Amino acid sequence: GLLQDLTGPLALEFSKLGTASQVGVVIASFIFLSVFLNVSRQLLFKNPNEPPVVFHWFPLIGSTVTYGMDPPRFFKENKKKHGDVFTFILLGKKTTVYLGTQGNDFILNGKLRDVCAEEIYTVLTTPVFGKDVVYDCPNSKLMEQKKFMKIALTTEAFRTYVPIISDEVSSYFKRTAAFKGPSGIVDLPPKLAEITIFTASHALQGKEVREKFDESLAALYHDLDMGFSPINFSLHWAPLPWNNRRDHAQRTVAKLYMDIIKSRRASGETGAQDMMYHLMNSTYKGDIPVPDHEIAHMMIALLMAGQHSSSSTSSWIMLRLASQPKIMEELYDEQVRALGAELPPLTYEDLAKLPLNQAVIKETLRLHAPIHSIMRAVKQPMSIPGTKLVIPTNHVLLAAPGFSASDPQYFPNPELWDPHRWAADAVNAPNIARNAAAEEETIDYGYGLVSKGTGSPYLPFGAGRHRCIGEQFANVQLQTIVAMIVREFKFRNVDGSDKIIGTDYASLFSRPLEPAKIYWERREKA
Ligand code: HEM
């Protein structure tokens, strides 16, 4: 009766419209309905045992856009509203963020039966690295692989790396057109990406591999890199052009490494210091040698893991120096004071004599850690100590160690890039509660003793079983690159200001927005 009276005229109106607009109306009603249901559910059904959910209009999309544009801002705004623990929708997935030092510890030191990294990362990494390594094998095998890699990075190896890296840097500036003449303007990040790959490949994989980067390898690694686009979290399987190029590049690069391994084995070589040689002579538990294809895939994984993080960090260092040229002068003076005015060839031992040079890296990683979000799948319901919250198994956990690294309770004037804060008794010295016991606490997950990091607000290299094994290498590489560039150049911003460019969060590793141009001037030689 009444309903018909009301809807009757409406139905008549609809029937007058064409089919196309009928489809339009159906779609619009569907969207309206799903938004309506989604919003009502958030307002009406709040589960007191689950973290608060970040408000969002659309199901599936959720907060993907606001998070993706600027994760640190997203974390900051939602901490204000919800505290340290909250859930947001990332591409349809309930993602629970746990900020602060307790959150870092809860997620990064989570037990193997509670949290899982490979479930998240394997779709991206396995097609790029290849089978049977890193996230395409049981965690116990990854721990053994990390042990092999870590053992290879000895002081003895680092001694050989410093001259290799400094020669690469010098020869790069001699032959690169953008640095011809006494001064100029250059877009820095692409140049530092090249310097990073040349220095890492030469030190870790030897001269033969390094030389191939002047020819085919640079393009192949670029194709591998495209496999790491965030869109591949959903489309990793699709026969799209970039995925076909990724697969071709993986096969080609792996074969190249395997051919080198074969010929090195045949030559009966002994006593080399590079990573490949070390892996060729490592054995899994039960005396099982590492198969050639696994060595090849680990070589790809190592170079890729180091490339983005080190190249982004070196770009930020140089952009920060351009915005504060005074610090660049202090770095130069430090070298003259510690090593002598003639600035002899750099050695591994010299690096320890340059504390400001080290602090520049430490401070840059505090503000510009390249990995802003670390994710884990939840394998068992996990209760958060001291609360009634339980994280269910259909959630993903997200740790953001960069968040505590810019928290004013630990770092006075957190937004200020101040390398001097790491010196004893500095004005902005970190205010880290000296819980000696917690800070010294170490643990062995199967790849050597590492600090648990429990309670530390500064974890740019992560913590727990997935902690970085490349930290010392990255430090040697970055300290050498910075020291060599400081010897050669003075930088400043093109407009002479102290501005710093924004961050590009669009790829998996954050980095400076491009172009990031600076003005350079060749230093007068004494
Ligand atoms: C893991 C940061 C350089 C190899 C990690 C993790 C972080 C990190 C935060 C933990 C990821 C997680 O828990 O999911 C950095 C930074 C670097 C750097 C900031 C440079 C500034 C390197 C280099 C290498 C390397 C140069 C290789 C020589 C690795 C490996 C892992 C790792 C093998 C272990 C992954 C796992 O166990 O799941 N790194 N890294 N990293 N990194 Fe690095």
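Scanning the stretch 264-306 for residues that are within 16 Å of the ligand (Cβ to nearest atom) and not in a helix (DSSP H, G or I) returns Gln273, Asp274, Ser282, Val290. Residues satisfying the criterion are absent from the stretch 322-344 (criterion: within 30 Å of Gly206 (Cβ to Cβ), within 16 Å of the ligand (Cβ to nearest atom) and more than 15 Å from the chain's Cα centre (by Cα)).
The rows are residues; the columns are (1) over 25 Å from Asp223 (Cα atoms); (2) in a helix (DSSP H, G or I).
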{"residue": "Thr101", "(1), (2)": "yes, yes"}
{"residue": "Leu112", "(1), (2)": "yes, no"}
{"residue": "Thr122", "(1), (2)": "no, yes"}
{"residue": "Val128", "(1), (2)": "no, yes"}
{"residue": "Ser140", "(1), (2)": "yes, yes"}
{"residue": "Lys146", "(1), (2)": "yes, yes"}
{"residue": "Thr160", "(1), (2)": "yes, yes"}
{"residue": "Pro163", "(1), (2)": "yes, yes"}
{"residue": "Asp167", "(1), (2)": "yes, yes"}
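Within the set of pairs 6+ apart or on separate chains, which have a first residue in the stretch 130-159 that is within 12 Å of the ligand (Cβ to nearest atom), a second that is of a type in the set (Ser, Thr, Tyr) and at pLDDT below 95, and C-beta atoms under 6 Å apart? Pairs that qualify, where the first residue is within 12 Å of the ligand (Cβ to nearest atom) and the partner is of a type in the set (Ser, Thr, Tyr) and at pLDDT below 95, are Met143/Tyr445; Met143/Tyr447; Lys146/Tyr447; Lys147/Tyr447; Lys150/Tyr447.
Taking the stretch 374-392 on its own, how many of its residues are charged (D, E, K, R) and within 16 Å of the ligand (Cβ to nearest atom)? Steps first, please.
Within the stretch 374-392, the subset charged (D, E, K, R) is 376, 379, 388.
Narrowing further to those that are within 16 Å of the ligand (Cβ to nearest atom): 376, 379.
Within the stretch 374-392, residues that are charged (D, E, K, R) and within 16 Å of the ligand (Cβ to nearest atom) number 2.
Of the residues in the stretch 393-416, none is surrounded by fewer than 19 Cβ atoms within 10 Å (Cβ to Cβ), within 16 Å of the ligand (Cβ to nearest atom) and more than 21 Å from the chain's Cα centre (by Cα). Once the stretch 446-464 is narrowed to residues that are part of a strand (DSSP E or B) and of a type in the set (A, V, I, L, M), the residue that is farthest from the ligand (Cβ to nearest atom) is Leu449. Given the condition of a type outside the set (S, T, N, Q), away from the ligand (no atom under 11 Å from the Cβ) and either free of Cβ contacts under 8 Å to residues at least 24 places away in the same chain or more than 25 Å from Ile432 (Cβ to Cβ) (or both), answer yes or no: does some residue in the stretch 362-369 qualify? No: the stretch 362-369 contains no residue that is of a type outside the set (S, T, N, Q), away from the ligand (no atom under 11 Å from the Cβ) and either free of Cβ contacts under 8 Å to residues at least 24 places away in the same chain or more than 25 Å from Ile432 (Cβ to Cβ) (or both).
Restricting the search to the stretch 375-392, which residues are under 16 Å from the mean Cα position of the chain (by Cα) and of a type in the set (Lys, Arg)?
Passing the criteria: only Arg376.
For the criterion of being among the hydroxyl-bearing types (Ser, Thr, Tyr) and either modelled with pLDDT of 95 or more or touching a Pro at 6+ places or on another chain (Cβ under 9 Å) (or both), Thr503 passes. Being on the phi < 0 side of the Ramachandran plot and surrounded by fewer than 20 Cβ atoms within 10 Å (Cβ to Cβ): is that true of Asp114 here? Answer is yes for this residue. Is it true that some residue in the stretch 228-247 is within 16 Å of the ligand (Cβ to nearest atom), surrounded by fewer than 19 Cβ atoms within 10 Å (Cβ to Cβ) and part of a helix (DSSP H, G or I)? Among the residues of the stretch 228-247, at least one is within 16 Å of the ligand (Cβ to nearest atom), surrounded by fewer than 19 Cβ atoms within 10 Å (Cβ to Cβ) and part of a helix (DSSP H, G or I), which makes the answer yes.
Take the conditions (1) within 11 Å of the ligand (Cβ to nearest atom); (2) touching a strand residue (DSSP E or B) at 6+ places or on another chain (Cβ under 8 Å); Cys468 misses just one of them, which is (2). For the stretch 307-318, check the following and say yes or no: at least one residue is touching a Phe, Trp or Tyr at 6+ places or on another chain (Cβ under 8 Å) and either more than 9 Å from the ligand (Cβ to nearest atom) or of a type in the set (A, V, I, L, M, F, W, C) (or both). Yes.
The values are calculated or read from the model by the stated rules, or taken from the named source; none is laboratory data. Please read all numbers here as calculations on a predicted model, not as lab measurements. For neighbour counting, all protein chains shown are included, and Cβ atoms are generated from backbone atoms with ideal geometry for every residue, glycine included.
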